[in-house]
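Just below is one structure, and these are the notes that go with it.
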Amino acid sequence: MSALDELIRRLMAQRSCLDRAAEWIGKTPGPAILVGFGDGGAYHHLCAVLPRREIMIFDRSVDAEVMLELPSERVVLGDPVTTLPLAWDRLKRSAALAVLNFPVTNPARLAGEVAPLLAPLLAPGAVIVSEKAVGVPGWTDLPLPSTIGPGRFHMYQAG
């Protein structure tokens, strides 16, 4: 399989998981949390499938030109390991969705560090989407869309 084919499969899997997550949370109140802005693809897709939902972005940095297009009150810059705990009081157990969208360099380590820091922000029953597997007590595996092979993405429900 070519690198292009692998990229396409990964992006299609991500889109399918985001679509499924949007269906599952339906009319459940609460913001969505995106940890890792990347190229903005996941953010813009979330905006399309959750048009009336607040989407909070946590990332080390976002391109200055892109920042001009984003609602500044919804962007938290800095290391998510530091900034997520700072949001615990503000978003306490209210988020309906969390998406772990990490760069290609060492995403498993980042997911393992950040996922437990999300737990205090998530409402009971919230959905979590991650390309890398994370083990957080109280999170249960959710079935993936049938078009996605095992291990390509992971979906969880917060307890």
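The values are calculated or read from the model by the stated rules, or taken from the named source; none is laboratory data. Just so it is clear, the model here is predicted, and its values are computed rather than measured. Cβ placement follows ideal geometry from the backbone for every residue including glycine, while neighbour counts extend to all protein chains displayed.
Of the residues that make up the stretch 140-148, is at least one free of Cβ contacts under 8 Å to residues at least 24 places away in the same chain, on the phi < 0 side of the Ramachandran plot and in contact with a strand residue (DSSP E or B) (Cβ under 7 Å, 6 or more places away or on another chain)?
Yes: one or more hits.
Would you confirm whether or not the stretch 38-48 contains a residue that is out of contact with any Phe, Trp or Tyr (no Cβ under 7 Å at 6 or more places or on another chain) and either β-branched (Val, Ile, Thr) or under 21 Å from Trp139 (Cα atoms) (or both)?
The answer is no, given that none of the residues of the stretch 38-48 is out of contact with any Phe, Trp or Tyr (no Cβ under 7 Å at 6 or more places or on another chain) and either β-branched (Val, Ile, Thr) or under 21 Å from Trp139 (Cα atoms) (or both).
How many of the residues in the stretch 1-29 are outside any loop (DSSP other than H, G, I, E, B) and either free of Cβ contacts under 8 Å to residues at least 24 places away in the same chain or not hydrophobic (A, V, I, L, M, F, W, C) (or both)?
14
Test of understanding: among Pro116, Pro150, Pro145, Pro137, which residue is in contact with a Ser or Thr (Cβ under 9 Å, 6 or more places away or on another chain), of a type outside the set (Lys, Arg) and more than 17 Å from Leu34 (Cβ to Cβ)?
Residue meeting the stated conditions: Pro145.
Got a number for residues in the stretch 57-105 being among the β-branched types (Val, Ile, Thr) and touching a helix residue (DSSP H, G or I) at 6+ places or on another chain (Cβ under 8 Å)?
5
Report yes if some residue within the stretch 81-98 is in a helix (DSSP H, G or I), of a type in the set (Gly, Ala, Ser) and under 22 Å from Asp39 (Cα atoms); otherwise report no.
Within the stretch 81-98, not a single residue is in a helix (DSSP H, G or I), of a type in the set (Gly, Ala, Ser) and under 22 Å from Asp39 (Cα atoms).
Scan the stretch 64-85 and report the pairs whose first residue is more than 22 Å from Pro116 (Cβ to Cβ) and at pLDDT below 95 and whose second residue is among the small types (Gly, Ala, Ser) and surrounded by 13 or more Cβ atoms within 10 Å (Cβ to Cβ), with Cβ atoms within less than 8 Å and a gap of 6+ or a chain change.
Between residues of the stretch 64-85 that are more than 22 Å from Pro116 (Cβ to Cβ) and at pLDDT below 95 and residues that are among the small types (Gly, Ala, Ser) and surrounded by 13 or more Cβ atoms within 10 Å (Cβ to Cβ), the close pairs are Val66/Gly40.
Considering only the stretch 54-74, how many residues are within 23 Å of Leu110 (Cβ to Cβ) and assigned to a loop (DSSP other than H, G, I, E, B)?
5
Which one of the conditions (1) touching a residue at least 60 places away in the same chain (Cβ under 8 Å); (2) crowded, with 21+ Cβ neighbours inside 10 Å; (3) of a type in the set (Gly, Ala, Ser); (4) under 23 Å from Leu7 (Cα atoms) does Ala32 fail to meet, given that it meets all the rest?
(4)
Filter the stretch 112-159 down to the residues that are small (Gly, Ala, Ser) and touching a His at 6+ places or on another chain (Cβ under 9 Å), then identify the one that is nearest to Met12 (Cα to Cα).
Ranking the qualifying residues of the stretch 112-159, first place goes to Ser130.
Filter the stretch 31-53 down to the residues that are part of a loop (DSSP other than H, G, I, E, B) and either under 19 Å from Leu91 (Cβ atoms) or in contact with a strand residue (DSSP E or B) (Cβ under 7 Å, 6 or more places away or on another chain) (or both) and list them by number.
The answer is Pro31, Gly36, Phe37, Leu50, Arg52, Arg53.
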